[in-house]
Each structure stands twice: as structure tokens, then as C-alpha cells.
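What follows is a short report on a single structure.
Since every read-out is calculated from the coordinates, none of them should be taken as a lab result. On a predicted model such as this, the values are computed, not experimentally measured, just so you know.
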Amino acid sequence: MKQGDLVRNRNSESGELGVFMGMRTFKRSSKYLKLFPDPDEYICAEVYWPERKKVGTIQTNLIEVFYASR
């Protein structure tokens, strides 16, 4: 996936489309370190959803490229 690709939300019944903006990394909060033995970072995709008029994060396995940008 590249910046500017048109992506489809696999969870959306209407086939919601958005523009892939890039990847975002979240550091795991120290309050949850006891629950997870591997304190890795969480990486997800940032997508602009025109219907919602906002950028949101989503797991990368829940989106697919609908149309690749050049």
C-alpha cells in the first residue's frame, strides 16, 4: 500500500472507500505492560474516510487496495 491509494474497508457493508495516508505507530501504554508479555508497538494504517470527513486508524488486515495511485 502506498500513500494516496484508494482503499476499501473490508468490514463495511456498503464497501466504504478511503484514501490511505500512511502507517502510524502507537507505543504500548505502561499500564498494560503487565497484560502483554511482549511490549511491542502497535502499527496500523491511517485512512481519510470522505463519508466521515475525518482521518481514522484501522488495522491493516481490515482494508484492501481498491485502486492503486501512480
(request) Starting from the Cα of K53, draw a straight line to each of the aspartates and glutamates and keep only those under 18 Å, dropping any in the same chain fewer than 8 residues away. (result) D5, E16
(request) Please list, or write none, the aspartates and glutamates whose alpha carbon is within less than 19 Å of the alpha carbon of K27, excluding same-chain residues fewer than 8 places away. (result) D38, D40, E41, E46
